[in-house]
Amino acid sequence: MVRYDYDLITLGAGSGGVRASRLAGRYGAKVAVIESSRVGGTCVMRGCVPKKLLVYGAHFAAHFEDAVGFGWTVDGARHDWGKMIAAKNKELDRLEGAYNRMLRDANVNVVAGRGVIADPHTVEVDGRPMTAEKLLVSVGGWPVIPDFPGREHVITSNEALDLPERPRRIVIVGGGYIAVEFAGIFAALGSEVTLVIRAGQILRGFDEDVRATLSAELEKQGIRIHRDCLIRSVEKTASGYSVYYDQGEEMVVDCVMFATGRAPNTSRIGLAEVGVKLNDKGAVAVDEWNRSSVDNIFAVGDVTDRVNLTPVAINEGRVFAETFFNKNPMTLDYRNIASAVFSQPPVAVVGLTEAQARIGRQVRVFISRFRPMKHTLSGRQESTMMKLIVDKATDRVLGCHMVGDDAAEIIQGLAVALTCGATKAQFDATVGIHPTAAEEFVTMRDPVPDKEPAAADM
Ligand code: NDP
């Protein structure tokens with residue numbers, strides 16, 4: 001029998017790789033995880049965690065404004081961007097330490113360096129070979145910036161999280177999760193924000209009512225949305241950056257950020273060379289067991305470009321470790337994965353959009369729009385939208401959508417209900433908690449008149 005140095009070598013210590021390695025280590029496997037940057041990966045070091053800390057920081061602006069309506073006098077509140085970034089970085093250092101400790105406690109050997117697959121059982125780290133029975137590729141993705149003149153002047157979310165100063169004027173290109181979240185952060189802290197989207201609406205793939213509600217809310221806050229618009233070039237000038245649009249218009253700002261999607265980190269790590277098939281987007285093609293086209297090479301997380309969310313990567317790592325290191329074969333159910341956009345107000349959704357639900361079935365749709373109770377006194381002109389999509393034939397709730405405060409906290413619970421196959425009758429039989437926004441989800445009685453959704457929502 002061939003003896004390898006390890007049972008498992010994991011490339012990439014992000015959410016998926018860490019979970020798989022820790023579990024495999026706990027189940028007695030000899031594991032090494034190779035990381036070229038910081039342990040924790042995109043979510044912990046450059047994504048969800050630092051972004052959410054900045055979202056919290058930005059929220060205080062609204063809290064101070066709203067407090068006035070409740071009798072508070074808030075004098076002299078000022079924000080120090082540098083202090084917030086320093087505090088955030090301190091927390092990331094703490095988390096990196098905690099991740100390293102968790103791996104060590106599971107007997108996982110953390111190897112700093114860049115791993116390149118030399119053959120299906122060998123990884124070279126900075127030229128040093130290490131062998132394993134199984135390889136797990138969990139190297140994530142990286143922001144993509146399209147080619148155009150002046151591309152070198154723009155930043156991505158990676159740099160936005162560490163800017164030395166908050167830009168007074170910023171253009172953010174893209175209308176997805178990252179663009180919308182950063183637009184909210186910068187606008188709340190006082191920057192002039194222009195969102196440039198190539199389509200007619202933000203958040204492609206989300207329910208049309210969610211897209212329309214959120215874009216209206218962003219515009220109410222003064223975020224400008226340039227629709228059907230592309231950037232032709234960016235030039236550095238004495239006073240900032242001149243942004244030229246394809247329609248010929250020019251705008252001068254202090255920062256241009258691109259949030260135009262992410263691509264899997266599959267180049268130059270030896271994947272294609274050892275026969276691992278990549279799909280047309282360059283992602284590792286895997287089966288339901290996370291197995292690539294090479295029998296002993298597996299992949300989880302964003303590098304597979306399935307559902308690019310941290311909890312999905314973590315669960316892919318978990319089912320991989322359970323299957324191959326705990327004799328407990330498991331696959332992940334990708335239906336009813338809830339997700340949130342930490343915009344201001346936030347969005348959270350689980351299940352189908354109205355357009356998806358209408359394919360091949362009749363539906364009943366319930367929508368509630370209201371002014372949150374807090375804003376009756378704060379005076380803030382912000383509305384909440386909640387939407388339920390129900391299968392007419394079976395009464396099953398197919399989708400829950402919300403734009404409004406605490407949306408992510410509320411939808412997480414409803415995701416359990418949808419996973420259990422809850423019906424509208426069961427929602428109706430549930431007694432609400434009063435006074436909350438969440439109770440609206442169990443008190444929606446009258447469906448909206450039937451209509452066909454817009455084609456864009458497909
Ligand atoms: P998304 O794929 O969500 O959005 C990309 C945006 O960029 C879209 O609006 C797209 O427009 C636009 N775009 C793409 N190419 C171009 C181009 N060449 N010129 C102009 N616009 C372009 O990517 P993000 O970068 O926002 O996020 C990356 C991933 O990170 C997502 O898959 C998401 O799952 C994950 N993420 C999740 C978060 C969360 O769960 N809260 C937070 C942040 C990220 P169009 O609509 O026309 O295609």
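Mind checking which residues of the range 127-149 are touching a residue at least 12 places away in the same chain (Cβ under 8 Å) and either within 17 Å of the chain's Cα centre (by Cα) or in a loop (DSSP other than H, G, I, E, B) (or both)?
Ser138, Val139, Gly140, Gly141, Trp142, Pro143, Val144, Ile145, Pro146, Phe148, Pro149 - these are the residues of the range 127-149 that are touching a residue at least 12 places away in the same chain (Cβ under 8 Å) and either within 17 Å of the chain's Cα centre (by Cα) or in a loop (DSSP other than H, G, I, E, B) (or both).
What tally of residues in the range 59-75 results from selecting those that are in a loop (DSSP other than H, G, I, E, B) and of a type in the set (Phe, Trp, Tyr)?
Looking only at the range 59-75, we keep the residues that are in a loop (DSSP other than H, G, I, E, B), and these are 69-75.
Checking which are of a type in the set (Phe, Trp, Tyr) leaves us with 70, 72.
Summing the residues that are in a loop (DSSP other than H, G, I, E, B) and of a type in the set (Phe, Trp, Tyr) in the range 59-75 gives 2.
What about Val397, is it assigned to a strand (DSSP E or B), over 27 Å from Asn290 (Cβ atoms) and in contact (Cβ under 8 Å) with a residue 12 or more places away in the chain? Don't jump to the end; show me each part of the working.
Numbers: assigned to a strand (DSSP E or B): yes; over 27 Å from Asn290 (Cβ atoms): yes; in contact (Cβ under 8 Å) with a residue 12 or more places away in the chain: yes.
Criteria met by Val397.
Let's see how each residue does on (1) surrounded by 15 or more Cβ atoms within 10 Å (Cβ to Cβ); (2) out of contact with any Ser or Thr (no Cβ under 8 Å at 6 or more places or on another chain); (3) not charged (D, E, K, R):
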{"residue": "Val365", "(1), (2), (3)": "yes, yes, yes"}
{"residue": "Gly379", "(1), (2), (3)": "no, yes, yes"}
{"residue": "Met386", "(1), (2), (3)": "yes, no, yes"}
{"residue": "Ile411", "(1), (2), (3)": "yes, yes, yes"}
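For the range 170-208, give me the residue count where each residue is within 12 Å of the ligand (Cβ to nearest atom) and assigned to a loop (DSSP other than H, G, I, E, B).
Adding up the residues that qualify gives 13.
Of the residues Glu96, Glu165, Glu152, which single one is surrounded by fewer than 15 Cβ atoms within 10 Å (Cβ to Cβ), free of Cβ contacts under 8 Å to residues at least 60 places away in the same chain and outside any strand (DSSP E or B)? Before the answer, list the steps.
Working: Glu96 fails: surrounded by fewer than 15 Cβ atoms within 10 Å (Cβ to Cβ); Glu165 fails: free of Cβ contacts under 8 Å to residues at least 60 places away in the same chain.
Answer to the check: Glu152.
Quick check: anything in the range 305-318 under 17 Å from Lys134 (Cα atoms) and free of Cβ contacts under 8 Å to residues at least 40 places away in the same chain? First the steps, then the outcome.
We begin by selecting, within the range 305-318, every residue under 17 Å from Lys134 (Cα atoms); these are 316-318.
Subsequent filtering for residues that are free of Cβ contacts under 8 Å to residues at least 40 places away in the same chain retains none.
No, the range 305-318 contains no residue that is under 17 Å from Lys134 (Cα atoms) and free of Cβ contacts under 8 Å to residues at least 40 places away in the same chain.
Pick from the range 49-59 the residues that are under 19 Å from Tyr99 (Cα atoms) and buried (at least 18 other Cβ atoms within 10 Å of the Cβ): which of them is nearest to the ligand (Cβ to nearest atom)?
Start the filter on the range 49-59 by keeping residues that are under 19 Å from Tyr99 (Cα atoms), which leaves 49-53.
Filter once more, so that each one left must be buried (at least 18 other Cβ atoms within 10 Å of the Cβ): 49-51, 53.
Working: Val49: 11, Pro50: 11, Lys51: 7, Leu53: 13 Å.
My answer is Lys51.
Looking at (1) on the phi > 0 side of the Ramachandran plot; (2) touching a residue at least 24 places away in the same chain (Cβ under 8 Å); (3) surrounded by fewer than 21 Cβ atoms within 10 Å (Cβ to Cβ), which is the one condition that is false for Gly404?
(3)
State whether one or more residues within the range 228-244 are more than 26 Å from Gly82 (Cα to Cα), away from the ligand (no atom under 12 Å from the Cβ) and without any contact (Cβ under 8 Å) to a residue 60 or more places away in the chain.
Yes, that holds for at least one residue.
Answer yes or no: is there a residue in the range 337-347 that is at pLDDT 95 or above and either acidic (Asp, Glu) or away from the ligand (no atom under 15 Å from the Cβ) (or both).
Step one: list which residues in the range 337-347 are at pLDDT 95 or above, which gives 337-347.
After this cut, where a residue has to be either acidic (Asp, Glu) or away from the ligand (no atom under 15 Å from the Cβ) (or both) as well, the list is none.
Within the range 337-347 (the criterion being at pLDDT 95 or above and either acidic (Asp, Glu) or away from the ligand (no atom under 15 Å from the Cβ) (or both)), the answer is no, since none of the residues qualifies.
Of the numbered conditions (1) within 22 Å of Gly14 (Cβ to Cβ); (2) part of a loop (DSSP other than H, G, I, E, B), Arg78 satisfies every one except a single condition; which is it?
In the conditions (1) within 22 Å of Gly14 (Cβ to Cβ); (2) part of a loop (DSSP other than H, G, I, E, B), Arg78 misses (1) alone.
What pairs come up if the first residue lies in the range 371-382 and is in a helix (DSSP H, G or I), the second is open to solvent by 80 Å² or more (accessible area, probe 1.4 Å), and their beta carbons are under 8 Å apart, counting only those six or more places apart or on different chains?
His375/Gln381; Leu377/Phe70; Ser378/Glu65; Ser378/Val68; Ser378/Phe70
Among the residues of the range 25-37, how many are open to solvent by 40 Å² or more (accessible area, probe 1.4 Å) and under 13 Å from Ala112 (Cα atoms)?
Let us first name the residues in the range 25-37 that are open to solvent by 40 Å² or more (accessible area, probe 1.4 Å), namely 26-28, 30, 36-37.
Now narrow it down to the ones that are under 13 Å from Ala112 (Cα atoms): 36-37.
Residues in the range 25-37 being open to solvent by 40 Å² or more (accessible area, probe 1.4 Å) and under 13 Å from Ala112 (Cα atoms): 2 in total.
Under 27 Å from the mean Cα position of the chain (by Cα), within 16 Å of the ligand (Cβ to nearest atom) and open to solvent by less than 10 Å² (accessible area, probe 1.4 Å), is that true of Gly40? If you could, list the steps in order and put the result at the bottom.
Working: under 27 Å from the mean Cα position of the chain (by Cα): yes; within 16 Å of the ligand (Cβ to nearest atom): yes; open to solvent by less than 10 Å² (accessible area, probe 1.4 Å): yes.
Against the criterion (under 27 Å from the mean Cα position of the chain (by Cα), within 16 Å of the ligand (Cβ to nearest atom) and open to solvent by less than 10 Å² (accessible area, probe 1.4 Å)), Gly40 qualifies.
Please give the strands (runs of 3 or more DSSP E) falling wholly within the range 230-340 in which 1 or more residues are open to solvent by 50 Å² or more (accessible area, probe 1.4 Å) and under 30 Å from Ile411 (Cβ atoms). Let's see the steps before the verdict.
On the way: elements: 231-237, 240-245, 250-253, 255-258, 262-264, 297-299.
Because the criterion is at least 1 residues that are open to solvent by 50 Å² or more (accessible area, probe 1.4 Å) and under 30 Å from Ile411 (Cβ atoms), the strands (runs of 3 or more DSSP E) in the range 230-340 that meet it are 262-264.
Checking Ile145 against (1) of a type in the set (A, V, I, L, M); (2) closer than 30 Å to Arg232 by Cα; (3) open to solvent by less than 30 Å² (accessible area, probe 1.4 Å), only one condition comes out false. Which one?
Here Ile145 meets the rest and fails (3).
The values are calculated or read from the model by the stated rules, or taken from the named source; none is laboratory data. These figures come from a predicted structure and were not determined experimentally. Cβ atoms come from the backbone with ideal geometry, glycine included; neighbour counts cover every protein chain shown. SASA here: full protein model, heavy atoms, side chains in, ligands and nucleic acids out. Shrake-Rupley method; radii C 1.70, N 1.55, O 1.52, S 1.80 Å.
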